[in-house]
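Structure first, then comments.
The values are calculated or read from the model by the stated rules, or taken from the named source; none is laboratory data. These numbers were taken from a predicted model, which means no experiment stands behind them. Cβ placement follows ideal geometry from the backbone for every residue including glycine, while neighbour counts extend to all protein chains displayed.
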Amino acid sequence: MLSRKLRLVLSALAVVLGVMFVSGSFVLTDTLQRSFTDLFSSAFANVDVSVTPKAEKGKQPEPLAPQTIADVKAVPGVASAVGDVQGSARPIGKNGKVITTSGSPRFGFNWTGTGDEKIRDGKAPVADNEVVIGGFLATTGGFKVGDDIALLTLEPKKTFKVAGIYEYAGGRDSLGGELSVAFTEPVAQQLLLGKKDVYSGVTVKAAQGTSDDALRDAVAAKLGSGYDVKTGATLAKEQADQINEGLKFFNYVLLGFAGIALFVGIFIILNTFSIIVAQRTRELALLRSMGASRGQVIGSVVLEALVIGLIASIVGLAAGVGIGALLAKIFSSVGGTSLQLAGIGVPMSAVISSFAVGMIVTVVAAVMPALRASRIAPVAAMREAATPDRPLTKITITGALVAAAGGTALAFGFNQASLPLIFGGILVAFVGVALLTPILSKPMVSLIGRLLSWSMPGLLGRRNSARNPRRTAITAAALMVGISLITGVSVVLTSATKSIEKLASGQLQTDLIISGEGQMEGQPATFGRDVLTKVEKTDGVKSAFGWSQDGVLQGEDQLFAVAVTDVSALKEMFALKPKSGDIKPLRDDQVGLPEDLATEKNWTVGSTITLQLAKGEPRTYTVAFVWSKSQVLQGAMVLPESSSKDFRSDQIGQAFAQVTPGANVADVQKRVEPLFADNPEITVQDRSGFVKQTTSQFDTVLLMIQILLALAILIAVLGVINTLALSVIERTRELGLLRAIGMRRAQVMRMITVESVVISVFGAVLGLAVGLALGVATVQALKDQGISELGLPWATMAQYLVVAAFVGVVAAILPAIRAARLNVLDAIAYE
């Protein structure tokens, strides 16, 4: 190892990167978990006991009456009981648009002066048109005392005067990047809960000498079973556990990509040890001839792998701690989360996984070359050729069987919707394709190389890349994994976009779509029925309808329902075809169903269904009609407009309009848009704009996956560099002879570059082929989920090929320089 420092570094680097990702994932999530635990401990520091109304399953809890607060105050051991009012309040910035956050809540509450918030500037709200705002909202929106601020609550936009700005203990602008605003109590009740003299909860402080648990039990006994009574410590733990559950999924995603990186790393380490062992064939054979046993030969190679794995694990763990700390810092500051980080720690899971993964991966990758080395007969020492070609029959048959097994597992996984089977099938399929790659490499490399072999250096480079099909195949397979995954995702997202476009141009016979740009806290953005009426009366509008939407409970099943203002317009604009019954306006006790839901539940026209809406008692509906399978309104039942009064919000969540024949859609859109001037969350779009907005999130998903898979591709690039560097060492004498007969340095560099580009493009072509197969299979499996069209991202795939060629050029730089600098006489005398 000491005499082969370059090989040591190149071998270890791939493992370092994979281990770094694994340990970094654990460090990041551990830091965030402890940070959120500290955050909620601070948030509930002034709460000894909390009282909230208990929610029945499927129903929205009724707010608390003032009598509840009086009952709590009468409990022995209560020092104080203050009514809390809290709900969604979205501030509008000075640019007229709603201020958004990266997941942090936007809410309003009643200013009591008893909480953890302290006025930093100005005064508490007294008049109904006054509010105080959090320091983070003041900074984000550029507000100061005396400014006007517009807010969206349960009611349309209202403007208030900023009376003051508050902060939390320690001068903090926020607890976790939230945008918060406080009203006077009567205004908060009306805007956040919908009526006066009600509360969303009660904050209770214990008297001196009374424990939180004892007070909780006393309050619960006084109020009865219709309330949730919890200590502040319990609330903090529940909130932290909820966040940490989400972080677990986040960690699984990061570990999944780390696994891909390590999977690619295995190819590189396997290749490295194969080349090293091949180059040491004579050396190992001489050792055998001097009496070394097979076990000693295996032991020497495995020991080298263990040392490399140990070094790589230590370096990878250290790098992972740094990466985890950096990502945590970015997470706490990007998007205004303003999360105060706990100290960076190294959990035992990060240490154990780093050493287990790093050392196991390296040893596993070295075992096969070690076994091969042990079989070298002493007579091999007398051979000039250190790496005789071996038949590809066994590896090809094995690869075909493994690939078939992976494809079968993948098919079963899609059929059973089993993620373990799907991921396992993909992994096994990759191994199978990698084993088949050597048999494919000669013809494909020869074909790709012809495009670059217009000169003698190019021709030699092409032949060099085809000289050792196993080595070329393993190097290309490392690049194949990353590109195939990105290609597969691109195929699925392109197909989803194409399906939505077809749906919009086919079944969606509407000219304008009126909807919210995003989700407000727990509910979609909404607008009043009076605004929909104005839309219907707008010059150029032929017809319009809208719906309120909510989840409803049928037995134990949560279903989705829309309360439609005009069923006839719904039928026309969504091109709904009746399966049974007539699609016509519903009575107050009737419901319409899509075919898939009716079949699943075995409901037919005339069947009765009992539904629990968010408010009121359970209601029984009769099925009036069932419409044929459609890509729109999948799985959603249609209720009469009157049902919306028992939804969480009875306002319109989405509306659709048709323009009169001959009218210009853009002109009508301009006439409709001013109707929503007081509601900046609502946008009016034509079909193409709606499709573009709907599919724009796919671009974000693809970008995130490309960034995460970039590590795997980076490792694959190192694999190309590694292969070329070791190949240059192996061919030292050959390169010296080429230089001796007249090959110039520039020609040597061109030869190495062609070899590198051919290998990289071969890996990319393999990746594109495998990715296409995975993507097409996924699209076929998702047909019932609405992805009905197959779309191939030709432009994106062409970009991947170009990137692969560029990767080949970059990967060749160091090995080509090394080859060009060889001393001719020393090279000829090598070995």
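Brief remarks on what is shown
- Residue under evaluation M637, criteria (1) part of a helix (DSSP H, G or I); (2) buried (at least 19 other Cβ atoms within 10 Å of the Cβ), criterion not met: (1)
- Residue check for T610: surrounded by fewer than 14 Cβ atoms within 10 Å (Cβ to Cβ) and not in a loop (DSSP other than H, G, I, E, B): yes
- Failed item, numbered, when L137 is tested on (1) under 27 Å from G232 (Cα atoms); (2) in a strand (DSSP E or B): (2)
Here's the yes/no breakdown for (1) over 27 Å from R648 (Cβ atoms); (2) within 39 Å of the chain's Cα centre (by Cα); (3) among the acidic types (D, E):
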| position | (1), (2), (3) |
| --- | --- |
| P53 | no, yes, no |
| V72 | no, no, no |
| V75 | yes, no, no |
| V82 | no, no, no |
| Q86 | no, yes, no |
| A127 | yes, no, no |
| E130 | yes, no, yes |
| F136 | yes, yes, no |
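- Restricting region 657-706 to residues that are of a type in the set (K, R) and touching a residue at least 12 places away in the same chain (Cβ under 8 Å), the residue that is surrounded by the fewest Cβ atoms within 10 Å (Cβ to Cβ) is R671.
Conditions tested, residue by residue: (1) touching a strand residue (DSSP E or B) at 6+ places or on another chain (Cβ under 6 Å); (2) modelled with pLDDT of 85 or more; (3) within 25 Å of F249 (Cβ to Cβ).
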position: T393; (1), (2), (3): no, no, no
position: A400; (1), (2), (3): no, yes, no
position: A404; (1), (2), (3): no, yes, no
position: I422; (1), (2), (3): no, no, yes
position: L427; (1), (2), (3): no, no, yes
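- Filtered residue count, region 528-587, keeping only those that are at pLDDT 90 or above, more than 33 Å from the chain's Cα centre (by Cα) and small (G, A, S): 7
- Evaluation of V684 against the conditions (1) assigned by TED's automatic domain parsing to the domain that holds T533; (2) more than 19 Å from E155 (Cβ to Cβ); (3) at pLDDT 90 or above; (4) of a type outside the set (S, T, Y) shows that the sole unmet condition is (1).
- Some residue of region 256-276 being on the phi < 0 side of the Ramachandran plot, surrounded by fewer than 17 Cβ atoms within 10 Å (Cβ to Cβ) and not hydroxyl-bearing (S, T, Y): yes
- Criterion (touching a helix residue (DSSP H, G or I) at 6+ places or on another chain (Cβ under 6 Å), buried (at least 20 other Cβ atoms within 10 Å of the Cβ), within 28 Å of A45 (Cα to Cα) and not charged (D, E, K, R)) met by exactly one of G135, G177, G201: G177
- Failed criterion for K195 (all others in (1) assigned to a helix (DSSP H, G or I); (2) surrounded by fewer than 20 Cβ atoms within 10 Å (Cβ to Cβ) hold): (1)
- Only residues that are closer than 18 Å to S88 by Cβ and among the polar types (S, T, N, Q) were counted in region 630-653, giving 2.
Conditions tested, residue by residue: (1) at pLDDT below 85; (2) buried (at least 22 other Cβ atoms within 10 Å of the Cβ).
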{"residue": "L714", "(1), (2)": "yes, no"}
{"residue": "T732", "(1), (2)": "yes, no"}
{"residue": "L735", "(1), (2)": "yes, yes"}
{"residue": "G742", "(1), (2)": "yes, no"}
{"residue": "V754", "(1), (2)": "no, yes"}
{"residue": "I759", "(1), (2)": "no, yes"}
{"residue": "G763", "(1), (2)": "no, yes"}
{"residue": "G767", "(1), (2)": "no, yes"}
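- Restricting region 475-490 to residues that are hydrophobic (A, V, I, L, M, F, W, C) and within 17 Å of the chain's Cα centre (by Cα) leaves a set whose member that is surrounded by the fewest Cβ atoms within 10 Å (Cβ to Cβ) is V489.
- Residue within region 342-356 that is closer than 30 Å to T139 by Cβ, surrounded by 17 or more Cβ atoms within 10 Å (Cβ to Cβ) and at pLDDT 75 or above present: yes
- Total residues in region 287-296, condition surrounded by fewer than 16 Cβ atoms within 10 Å (Cβ to Cβ) and touching a helix residue (DSSP H, G or I) at 6+ places or on another chain (Cβ under 9 Å): 6
- Which listed residue is assigned by TED's automatic domain parsing to the domain that holds A218 and at positive phi, from G83, G122, G108, G115: G122
- Failed criterion for D826 (all others in (1) surrounded by 14 or more Cβ atoms within 10 Å (Cβ to Cβ); (2) touching a Gly at 6+ places or on another chain (Cβ under 8 Å); (3) part of a helix (DSSP H, G or I) hold): (1)
- The lone criterion from (1) in contact with a helix residue (DSSP H, G or I) (Cβ under 9 Å, 6 or more places away or on another chain); (2) of a type outside the set (A, V, I, L, M, F, W, C); (3) more than 23 Å from S649 (Cβ to Cβ) left unmet by R619 is number (3).
- Number of positions in region 617-633 that are free of Cβ contacts under 8 Å to residues at least 60 places away in the same chain and either in contact with a Lys or Arg (Cβ under 8 Å, 6 or more places away or on another chain) or surrounded by fewer than 14 Cβ atoms within 10 Å (Cβ to Cβ) (or both): 9
- Those strands (runs of 3 or more DSSP E) of region 530-595 in which 2 or more residues are buried (at least 20 other Cβ atoms within 10 Å of the Cβ) occupy 541-554, 557-564, 590-594.
- Candidates R470, R462 - the one that is more than 24 Å from A365 (Cα to Cα) and either part of a helix (DSSP H, G or I) or outside the structural domain of L270 (by TED's automatic domain parsing) (or both): R462
- Taken over region 273-314, the criterion of being under 14 Å from R375 (Cα atoms) and touching a Leu at 6+ places or on another chain (Cβ under 6 Å) is satisfied by V297 alone.
- When every residue of region 454-474 is checked against the conditions, at least one turns out to be of a type in the set (K, R) and surrounded by 22 or more Cβ atoms within 10 Å (Cβ to Cβ).
- Of all residues in region 138-168 being surrounded by fewer than 17 Cβ atoms within 10 Å (Cβ to Cβ) and among the hydroxyl-bearing types (S, T, Y), the one that is farthest from the chain's Cα centre (by Cα): T159
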